[in-house]
Amino acid sequence: MKPLLAAALVLLISCATPGTSAYAGRQRAVGRTTPPIANPTVQWQHDWARGAVFYEIFVRSFADSNGDGIGDLNGLTAKLDYLNDGNPATTTDLGITGIWLMPVFQSPSYHGYDTVDYETIEQDYGTNEDFQRFLDEAHRRGIRVIVDLVVNHTSSQHPWFKESASSPTSPKRDWYVWSNSDHGWKQPWGGNTGTWHSANGAYYYGVFWGGMPDVNYNSPAAKAEMFRIARHWLTKGVDGYRLDATRYLVETGANTGQADTPQTHQVLRELAETVRRTKPDAVLVAENWTETPIIATYYGSTAVIRGGDEMPMNFNFPLADAILSGVNSGSAAGMISKLREVQQLYPAGVIDAPFLTNHDQRRLASLLGDNAGKLRNAAAILLTLPGAPFLYYGEEVGIQNGPTGGDESKRTPMPWNMAGGFTTGRPWFDYAPGRDRANVASQVNDPASLLSRYRSLIHARNGSVAMRTGTLELLPASGSQALAFVRRAEGDTAVVVHNVSDSFASVSFSMPAVSFDTLFADTGVGKPSGGSGNWSVSLPPRTSGVWRVR
């Protein structure tokens, strides 16, 4: 979410009354931890997410059902068959098995990350009944649905904050972080933007801006209410949450005290335990926009809770960077290095969440220069990796970035046909350039299109136990042009080879095999040849092959 790389979550400072130093409150809070969770033995039951393919959707930009220019839930429901028609035997749908909805709760902003009512669907998108119908229709097709739950902050227009700001003696004063002075803290991801904002003779902490005051998780009442909201939507049928900027949930001071604190991990463990007890098959996927060693810590301990007692899925930002860099440069070396790092540092048995880009980043097609070969490379690499890959809506048809430098241009309307097809009215924001080619109608019946490639890769993945849930074993490759690995599951093994260069590449490997069945192969890619356990395969530029080992 905005801005840039990361966002901060909540400051651990006692509510300051007039004459009280916020620093004193902070010093009292340092080192304080919530008592351990009693009997935290309820296990995750979300194996469905291991190997699932998720599709990130900005509802405002996906499909408009009433012609007001704003996407809505009824429009999204009408497009579900495009994503997954519920019939595994068909191949005309995309084949995704999970949806992540960006914020859908009441908000004064187009993006929805400043919530004013966590229990009511944004009126631009429809009603709570429309949401329930969408959820039921998705489930009927075998699609699980997770939603953005913004726990770091609320809108400054939220009734909680209005009451908190009304008086130092307000019952909700400590639901947010107040001080008598501006302590000069800057945003923890860099720059000179301040984080303390003036209101009614005092200052409150809002790491993004004044319109998004941070919730104070040092307040038992505020934390309990956020946890109640998490339980609420799970009981309505939601299958989990995407949690924003989880590195910054609890801060103990400026600079190094603003990220990755023990108190942050403790709150996340408590939230995870609440979710497990409410709906064990739900998932949590966290945005920890940082490097692999730190991301690895957010899975928590696997000693008691299988898959980790903290965040069971974490977006793999470093791997995304390595894939895009490698595809752009024509070298697999960085990807190989990053995959090894993940294997070394992530706890065994956890679920990775690889992706290419999301709503905070320039569109994939723009980052890769709208190069067809590179787009095909990136898709194939992502969809052959272990974990639960996430696609950003429109990536499958090659949407470019929009006409401005703002975040809106990363979230432009979905092009369903050459004319747009998103709405019968005027779209809330302009389409991205290039929709004469980058649209669903132009690609849906073209077997050589980018959309057809995504469909083929996803259906191949869904049809292979090894590709869905198997481990990854890197294979040595000749030079730096190829990324080659084996995916292994009980009773099923697959070999995967990608040529990320603009020239032919050859890969040799040793494996006890009799033959290879093709799960996916680009034109010009033959089956591995050889014998006696020694095999080789030649790949034209920017091509991939996936074979089941017999």
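Below 10 angstrom from the Cβ of residue 122, what's the summed charge of the other residues (Lys, Arg +1; Asp, Glu -1)?
Counting the neighbours of residue 122, the net charge comes to -2.
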Rounded to 10°, Cα long-axis angle of helix 372-382 versus longest principal axis of the chain: 70
Cβ-defined net charge surrounding residue 86, 11 Å radius [Lys, Arg +1; Asp, Glu -1]: -2
Unit Cα scatterers, Debye sum, region 209-319: log10 I(q)/I(0) for q = 0.12, 0.17, 0.18, 0.24 Å⁻¹: -0.42, -0.85, -0.96, -1.51
Compactness of the chain - radius of gyration and Dmax, Cα, Å: 23.9, 81
Environment charge of residue 158, counting only residues whose C-beta is closer than 13 Å and scoring Lys/Arg +1, Asp/Glu -1: -4
Entries of 79/162; 279/338; 79/410; 236/338 with Cα pairs more than 28 Å apart: 79/162; 279/338; 236/338
Alpha-carbon gyration tensor eigenvalues x 5, square-rooted, for region 367-459, Å: 23, 15, 12
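Bear in mind that the values in this text are calculations on the coordinates, not laboratory data. Not measured: the values here are computed from a predicted model. Reconstructed Cβ throughout: ideal geometry from the backbone, glycine too, with neighbour counts over all protein chains shown.
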